[in-house]
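Heads up: the structure comes next, in structure tokens.
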Amino acid sequence: MNIKQRFISLLAALIFILASGCSSVTPDSPAPIAKQKKEQAQEPAQEQAQDAESLNPSPSINGMEELKRKGSDDMERLD
Amino acid sequence: MPSTYNKIHRLKSQGWTWPEFLAELEQVAVHSIDEKTLYSNFRLPHRKPNKLLEETISQLHEKYFPSPFPKEVEGLITLYNHLANAKNYRTQEDDIELLKRFVLAELQHDNPQYDLRYSRLAWLAANIAFDRISYCRDNGLLEKLAENQKSALKWFQQAKQAISHCQQSVEIKIEPFVIYKLTQNMLASYLNALPSSNRLDNNDLKSFIDSSDYISESKHMLELEPFQWGIARNGLRFSSLLKNAEDCEYFYRALVTANKHFLDINYQLPGALSIGESDDFHWALDIIRNRNLPVILANS
């Protein structure tokens with residue numbers, strides 16, 4: 001096999017790989033950038049949900065950690 | 001329990017050099033303590049000690065400044081603190097209630113002995129009620145707030161009386177700081193029951209401070225242990241709330257003497273507001289500015 005033939009077979013292999021890759025993407029699949037944008041849009045919604053959770057009153061009667069997060073300046077007890 | 005920062009300072013104030021301090025630590029430490037770690041925890045009040053340093057310093061502190069209270073009741077206090085600070089502990093409230101019932105049953109025995117055991121159990125009963133005050137205040141549970149405040153005050157007072165009783169009848173050395181802590185806890189029971197907006201010029205606070213001699217006790221403690229920035233900060237807070245300019249200056253100077261980081265009014269400790277942020281200190285800040293006391297006001 002000379003150099004020209006080897007180059008042609010390598011090119012054919014590359015075309016085959018590219019073709020098989022494209023065929024595995026369904027028409028509904030978002031392009032990578034579109035997918036990334038969709039994920040970014042979902043993040044604030046998730047953060048909001050977590051914020052809402054953290055604002056709910058704690059079931060703990062102690063509640064000291066909750067108060068400090070809210071920025072109170074209560075005195076700590078001394079043991 | 002005093003913070004690791006206070007324990008290091010108390011141990012160091014015995015006159016140890018740093019090599020002597022490290023040699024003492026070597027005797028109790030499981031692994032050797034790095035000199036830089038020790039020194040940075042000595043200098044910085046906001047520094048959170050690692051577990052090894054915290055445990056080693058506690059052991060050394062107990063060796064030179066042993067608690068006057070019986071070990072089994074100290075164990076209960078530790079148990080309660082772990083329970084109260086546990087996260088995602090499903091039966092936390094129920095378990096605290098069970099512990100409280102046991103403690104109250106011990107205290108309400110037919111013939112209670114007013115000894116150090118009784119005092120520490122009363123202290124624990126007070127702690128349990130005290131820890132509920134802020135939660136009740138912020139959630140509008142006014143009846144429970146009054147009930148817990150009353151209970152905390154009653155048991156802190158009982159603890160104090162039992163210690164005074166022991167001091168008279170038994171030859172036990174009890175450090176002045178022990179009594180001071182109970183006075184401060186009683187004052188905290190009044191303060192924490194109030195929302196920040198209702199603290200200025202409050203009559204309950206005023207009458208307790210006048211009757212308890214809290215300000216002079218604080219000054220006395222600072223003479224004995226000038227590193228106690230917490231005492232100076234609270235002294236400044238109450239001088240501010242009661243609008244006493246001379247005491248504001250005294251406690252501010254004591255605070256920056258305890259640690260120069262407090263020269264920056266925005267200096268923040270974990271879990272607490274800076275002096276610049278807290279409403280309790282607003283009146284004092286005007287005094288600090290008007291009297292040209294040394295202060296870093298940048299970004300305020």
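As a footprinting exposure proxy, order B:240, B:278, B:40 by other Cβ within 10 Å, with the fewest listed first.
Lowest to highest Cβ neighbour count: B:40, B:278, B:240.
On each of the three principal axes of the Cα atoms of region B:124-234, give max minus min coordinate, whole Å, ordered largest first.
46, 27, 23
Provide B:103, B:295 in ascending order of the number of other Cβ atoms located within 10 Å of each residue's Cβ, fewest first.
Fewest-to-most ranking of B:103, B:295: B:295, B:103.
Fewest to most neighbouring Cβ within 10 Å: what's the order for B:194, B:241, B:142?
Details: B:194 17, B:241 23, B:142 11.
In increasing order of surrounding Cβ atoms, one gets B:142, B:194, B:241.
Give me log10 I(q)/I(0) at q = 0.16 Å⁻¹ for chain B, Debye formula, one equal scatterer per alpha-carbon, no solvent.
Normalising to I(0) and taking log10 leaves -1.54.
Could you give the alpha-carbon Rg of region B:74-118 over 2.2 N^0.38 Å, rounded to two decimals?
Compared with the compact-globule rule of thumb, region B:74-118 sits at 1.35.
Only helical DSSP H runs with n ≥ 4 go in: add -39500 (n - 2.57) per run for chain B, normalise by residue count and round the 222 nm mean residue ellipticity to 500 deg cm²/dmol.
-21500 deg cm²/dmol
Readers should treat all values here as calculations from the given coordinates under stated rules, not as data from a laboratory. Note that the coordinates shown come from a computational prediction; the quantities given were computed from them, not determined experimentally. Reconstructed Cβ throughout: ideal geometry from the backbone, glycine too, with neighbour counts over all protein chains shown.
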